[in-house]
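Remarks on the structure that follows.
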Amino acid sequence: MYATAFLDLTALDSASGTVTLPGSKSISNRVLLLAALSQGTTELQDLLESDDTRVMLNALRELGCHLQADASSLKVTGIGGKAPEKTLDLFMGNAGTAMRPLTAALALMGAHADMHGVPRMHERPIGDLVDALRQLGCRIDYTGNEGYPPLALRGHAGLKLDKPIQVRGDVSSQFLTALLLALPLVATQDIVIEVVGELISKPYIEITLNLLQRFGVHVQREGWQRFTVPAASSYTSPGVLPVEADASSASYFIALGAIASVEGVRIQGVGAESIQGDIRFMDAARAMGADISSGPNWVQTRRGALPLKAIDMDCNQIPDAAMTLAVMALYADGPSTLRNIASWRVKETDRIVAMAAEARKLGAQVEEGDDWIRVHPITHWKAASVHTYDDHRIAMCFSLAAFNPAKLPVRILDPKCVAKTFPDYFEALFSLSKSSQVPVIAIDGPTASGKGTLAALVAQQLGYHYLDSGALYRLTAFAALQAGLALDTAHEQAIADLARILPVEFQGEHVLLSGVNVSEDIRTEQAGMNASKVSVLPLVRQALVDLQLSFRRLPGLVADGRDMGTVIFPDATLKVFLTASAEKRAERRHKQLISKGISTTIDVLRADLTARDARDTQRSVAPLKPAQDALPMDNSSLSIDSSVTQVMHWWQNKQVFGPGRT
């Protein structure tokens, strides 16, 4: 997951490949609660790991559930509907799929609990659910604004179950879902729920009814206005329950194929037999021209018509996935209208306002109403910085704008908001995407100038990959010796073959080989001598050039070395030549060595560094020298933080999102 302040998406050209989706949020939080309310232990497989499920899991621990996790499953030992004796203090974040059902379950169990969340949760209505629970005799107080969390649940003095429970259905289907999940706990008689007004988001109720059956409760439905929970209903664990992948998340990759893939994008984990209503997004994408095929557990999509075809569609049945249609509309042949989406206004943010505002930044003409939005295709694209409103779906939707025909970048602010449902979304997107404009920052400089620390920190701030080119020769020698190869010309080809596919990863200042931290192993004096032996082998040098070039991957790269800007990445977007006086570099190296228990003197180190500088600048192959267009930085008197700030300032000034720009 990218935890940076922003993530710059360079212009993306095309996409192809296979993506396996995480588990469904809607299913995950429902089955977690159902398992918790059941007797016995339920093994949930492929459960979503995200902010919203963590909120639910934390609450279940407070309720007294025993949770046991392994690599691919979670075992939940339920409490059988027994209320905890203590007053609970539950933080619900911004997870509506946890807040609403838990409120109903705890209230009907007679529990005492204080329930609160992030500021946006306190703006999301819950009054209709509270009204329904109060009809039954539950004592619930608002501790903030009337009709909204936070809530104080204070038990009940007996429940009134003889009359139908009335609940509005035109604000959020989660209110009805909450009652359906909670009422089996108290079903001493048939309990009737009557929906007032039109029920929105019916497919989410279908998910709820389907999962209730898996846990042994068969709700009787009369149309979409009347639901009966049978007397003596009780939850029975199904034993093992797999969680299918998230159909709402599939919408981004279905759209990706429609916009940018000739070869096709294959989505694993969800398909035509999904119980999730958002799988119907396939029909909407087909209407816009996507070429889609599917099976029980997969969907494949590729470009059909481009520009896409404009649509005018009632999206009440796919409210979350419909947001993706709004971004697809930017690539259409005329204005597209999405109707019956009033629920957008009470989600993580007011999504009608947010989608309109961010689409306009990109150059779109957008009109909006109480429950509709009309998006016109963009004729003149603009590079834009997309505000995400702490809304995961805003971030994921607008990432698709990076495939714009104008080849302009898109900046996503607060990309970590995708952790709510799909923490690795951007990693998945980059694994499928191709770009001819992957940005590189090259930081070159002499030994002990601090270029490695600087490059690693800049990469961290940007969410870019990091390449410590100086470590590669040491790693190659280390790996060759581990493979039983002598470091000589007789084994040159074998060492080169090994170097070309070296399984190396740089994590900050740690160097991993095949997932093992070998940082200390390759920084010994002997490791340096071994690196010198392989560096004179021409085939190895070329193999390592190829390996270095392979680090140029989305979303970008920060590379440090001696010839990054002159030889390896001469087209780097930003080149920095970092220097410091020999005296200052000797002092820094002396501190490092002393901290490791290695005895030396500053004079010896200064002489060694001066000699190295002379050798490096006089090499016949890739001598140490600044690239012609490199920006010089003498950090003799600069702190590392100041150095990072300077490089980031230079970088921002080269971006269309820099100071004073969009």
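The values are calculated or read from the model by the stated rules, or taken from the named source; none is laboratory data. Computed from a prediction, not measured in an experiment: that's the story for all the values here. Backbone-built Cβ (ideal geometry, glycine too); neighbour counts: all protein chains shown. We work out accessible area using only protein heavy atoms, side chains counted, and drop any ligands, DNA or RNA first. Shrake-Rupley method; radii C 1.70, N 1.55, O 1.52, S 1.80 Å.
Divide the volume of the convex hull around the Cα atoms of the range 284-440 by the residue count and you get 121 Å³ per residue. Return the carbon/sulfur percentage of the accessible area of the chain, one whole number, probe 1.4 Å, all protein chains in place. That share works out to 50 percent. When nucleic acids and ligands are ignored and a 1.4 Å probe is applied, Arg339 ends up with an accessible area of around 90 Å².
Quick one: grab the alpha carbon gyration tensor of the range 241-333, order the square roots of its eigenvalues as a ≥ b ≥ c, and give me rounded if a/c is under 1.5, else prolate or oblate depending on whether a/b is larger than b/c.
Verdict is oblate for the range 241-333.
Modelled label positions at Thr447 and Gln68, each set 7 Å beyond Cα in the direction of Cβ, lie 5.6 nm from each other. Using only alpha carbons, the range 397-526 has a radius of gyration to Kirkwood radius ratio (Rg to Rh) of 1.05. The listed residues His376, His112, once ranked by accessible area (1.4 Å probe) with the largest placed first, stand as His112, His376. In whole percents, the pair-distance distribution calculated for the range 528-650 from its alpha-carbon pairs, binned every 10 Å from zero, is 11, 33, 38, 18, 0. When the square roots of the Cα gyration tensor eigenvalues are ordered a ≥ b ≥ c, the ratio a/c for the range 352-469 is 1.5 or more and a/b exceeds b/c, which makes its shape prolate. Within the straight-line cut-off of under 18 Å between alpha carbons, the lysines reachable from Lys584 are Lys451, sequence neighbours fewer than 8 places apart in one chain being disregarded.
Would you mind working out the magnitude of the charge dipole of the range 174-252 relative to its Cα centre, with +1 at each Lys and Arg C-beta and -1 at each Asp and Glu C-beta, to the nearest 20 Debye?
120 debye
Each principal axis of the Cα cloud of the chain was taken in turn, and the coordinate range along them, longest first, works out to 92, 57, 47 Å. The aspartates and glutamates within cross-link reach of Lys407, meaning a Cα-to-Cα straight distance under 20 Å and a gap of 8 or more places when in the same chain, are Asp8, Asp13, Asp333, Glu358, Asp571. Helix content alone sets the calculated 222 nm mean residue ellipticity of the chain: runs of n ≥ 4 DSSP H residues at -39500 (n - 2.57) each, divided across all residues, give -10500 deg cm²/dmol.
Principal axis extents of the C-alpha atoms in the range 149-303 (largest first, rounded to whole Å): 63, 36, 33. Please work out whether the range 481-558 counts as rounded, prolate or oblate from its C-alpha gyration tensor, where a ≥ b ≥ c are the square roots of the eigenvalues and a/c under 1.5 means rounded, while otherwise a/b larger than b/c means prolate and anything else oblate? Judged from the Cα gyration tensor, the range 481-558 comes out oblate (a/c at least 1.5, b/c at or above a/b).
Once the Cα gyration tensor of the range 18-107 is diagonalised, what are the square roots of 5 times its eigenvalues, in whole Å and ordered largest first, as equivalent ellipsoid semi-axes?
On the way: eigenvalues 94, 48, 21 Å².
Rounded to whole Å, the semi-axes are 22, 16, 10.
Think of the chain as having a plus end and a minus end, set by charges on the Cβ of Lys, Arg, Asp and Glu; of Met121, Ala310, Thr379, Thr379 sits farthest toward the positive end of this dipole. For the chain, the Cβ-based charge dipole about the Cα centre amounts to some 620 debye (Lys, Arg positive; Asp, Glu negative; other atoms uncharged).
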